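No value in this document is a laboratory result; all are computed from the given coordinates. Predicted model only: the values in this text are computed from it and were never measured. Here Cβ is always computed from backbone atoms with ideal geometry, including for glycine, and neighbour counts include all displayed protein chains.
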Amino acid sequence: MVNSQVAEHYTVKDLLDIMSRLRAPGGCPWDRAQTHQSIRANMLEEAYEAADAIDHMDMDNLKEELGDVLLQVVFHARIAQEAGVFTFDDVVDGVCRKLVYRHPHVFGTAEAADPEGALSTWDAQKRTEKGQATASDALNGVARALPALTRAAKLQSKAAKAGFDWESVSPALDKLSEELEELKTAVQENSNVEEELGDLLFAAVKVGRFVQADGETALQGACEKFIRRFRRVERLASEPLDKLGVPALEVLWSQAKEEEGRTET
């Protein structure tokens, strides 16, 4: 069992022991009070922070964030163990079995000459493993907790593998225009606005797939661009923005956009 002295090097076993001690009687009141539901958001937050470290190629931070993700795995496994559902060893056993089963081109007799072939084999093995007999079953297997743009792309990809897709980007662009017009009508009539907005976003993701542009990444880029330009607008403004009217703000926005363009070139 881990004691209060800092060790020279800790292992996964030490991590499991620490979590056990935190959750045990006399351990940490906060850790003892947590449930799967109460720390659900933590799992998502830590995964996003790890992804952010990857995006910035910050390896020191990535090491830390991967540890935080692992902590969440250990935390959930400990809660499950206390409930008599499964243990951390069961988690490890399950993922190892999955890796062996879904890589018959490595651990079996199947062949995969390139990454695409390996992915195809993985998908086929996954469908068999999950009992997904139809394309609809595969769609239903896409996690609903995913960010909506990412989920839309995965749903469209699985549908495309079943032959449900256009052959070029042109019809996808036409569909995007069609959905925009339907959204305009919905706004004018103040009816089904949310549904039509969803259809427009779904159609935009479809266009992105045809041109190899990930919707989630694209929207994140747009958010970062908005922050940069907004900062420029504040710098260009002679008074607080809430004291300016929309026409003045639009002029400042255009100036910020032009300034950013000159900087980029």
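Results, tabulated for the structure shown:
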item: Entries in K126/K206; K98/K154; K154/K175; K98/K206 that, when Cα-Cα distance is taken, lie over 27 Å; result: K98/K206
item: Proximal aspartates and glutamates relative to K184, as straight alpha-carbon distance under 15 Å, when same-chain residues fewer than 8 apart are discounted; result: E194, E195, E196, D199
item: DSSP-assigned coil residues among GluC sites (Glu not before Pro) in segment 1-80, each with at most 13 further Cβ atoms within 10 Å; result: E8
item: Segment 175-265: C-alpha gyration tensor shape, a/c 1.5 cut-off, then a/b vs b/c; result: oblate
item: Order of L22, L44 under a 10 Å beta carbon neighbour criterion, fewest first; result: L44, L22
item: Rounded Å value of the spacing that divides the Cα centres of segment 126-154 and segment 44-74; result: 25 Å
item: Peptides 192-201, 80-89 ordered by average Cβ neighbours within 10 Å, highest first; result: 192-201, 80-89
item: Gaussian network model of the chain, Cα within-10 Å springs - most flexible of R40, R78, R235; result: R235
item: The chain, helix-only ellipticity at 222 nm - DSSP H runs n ≥ 4, -39,500 (n - 2.57), divided by all residues, nearest 500; result: -23500 deg cm²/dmol
item: J(HN,Hα) series, segment 75-85, from Karplus relation 6.51 cos²θ - 1.76 cosθ + 1.60, nearest Hz, glycine and proline x; result: 4, 5, 5, 5, 4, 5, 5, 5, 8, x, 8
item: Separation of alpha-carbon centers, segment 194-265 and segment 8-39, rounded to whole Å; result: 44 Å
